[in-house]
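Worksheet: one structure, shown below.
The values are calculated or read from the model by the stated rules, or taken from the named source; none is laboratory data. Since this is a predicted model, take the numbers as computed values, not measurements. Here the Cβ positions follow ideal geometry from the backbone for every residue, glycine too, while neighbour counts run over all protein chains shown.
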């Protein structure tokens, strides 16, 4: 029987994805595997495990399984998630025109993420931001799950 993935768990795993971190879903078991690009490269290149600390050897062996098994699917990358675009969409959703302009002007150039966070906290709209962001992540997750034909639920517990 194919696993049913909890959307909340999937979104939580998506949040771990970054430049050096990739997350994979075992479509047969429903388990998530988080691996660094270093571990994936070591597995891909078939590097000698003796050159790594013992704790990392197991992880590299798992990376080898992930890379060479058809059971694993990589979760959306940070480029597919595109957090800046989510942030920009949130700015456009703000009804107060002056605040919307301030947010949009602030997310241009260096320090955009820091400025954005400063402004949302200053105006007390951080809760709205986090709800907006979570919904955007859910939509990305649903698209990914459906395109990979993986069953999911938005319920708290999977029976």
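Annotation: of all residues in region 37-54 being surrounded by fewer than 10 Cβ atoms within 10 Å (Cβ to Cβ) and within 12 Å of residue 67 (Cβ to Cβ), the one that is farthest from the chain's Cα centre (by Cα) is 46. Can we say residue 17 is assigned to a loop (DSSP other than H, G, I, E, B) and either free of Cβ contacts under 8 Å to residues at least 40 places away in the same chain or more than 14 Å from residue 152 (Cα to Cα) (or both)? The answer is yes for residue 17. Within region 45-54, not a single residue is at pLDDT below 95, out of contact with any strand residue (DSSP E or B) (no Cβ under 7 Å at 6 or more places or on another chain), within 29 Å of residue 149 (Cβ to Cβ) and not assigned by TED's automatic domain parsing to the domain that holds residue 113. As a summary of the residue check, residue 13 satisfies the conditions (1) surrounded by 16 or more Cβ atoms within 10 Å (Cβ to Cβ); (2) in contact with a strand residue (DSSP E or B) (Cβ under 6 Å, 6 or more places away or on another chain); (3) farther than 22 Å from residue 68 by Cβ except for the one numbered (3). Scanning region 20-35 for residues that are modelled with pLDDT of 95 or more and either surrounded by 14 or more Cβ atoms within 10 Å (Cβ to Cβ) or assigned to a strand (DSSP E or B) (or both) yields a total of 11.
Conditions (1) at positive phi; (2) surrounded by fewer than 17 Cβ atoms within 10 Å (Cβ to Cβ), marked per residue:
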position: 112; (1), (2): no, yes
position: 120; (1), (2): no, no
position: 123; (1), (2): no, yes
position: 129; (1), (2): no, no
position: 146; (1), (2): no, yes
position: 149; (1), (2): yes, yes
position: 153; (1), (2): no, yes
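Determine whether residue 58 is surrounded by 13 or more Cβ atoms within 10 Å (Cβ to Cβ), assigned to a helix (DSSP H, G or I) and over 12 Å from the mean Cα position of the chain (by Cα).
On the way: surrounded by 13 or more Cβ atoms within 10 Å (Cβ to Cβ): no; assigned to a helix (DSSP H, G or I): yes; over 12 Å from the mean Cα position of the chain (by Cα): yes.
It is false that residue 58 is surrounded by 13 or more Cβ atoms within 10 Å (Cβ to Cβ), assigned to a helix (DSSP H, G or I) and over 12 Å from the mean Cα position of the chain (by Cα).
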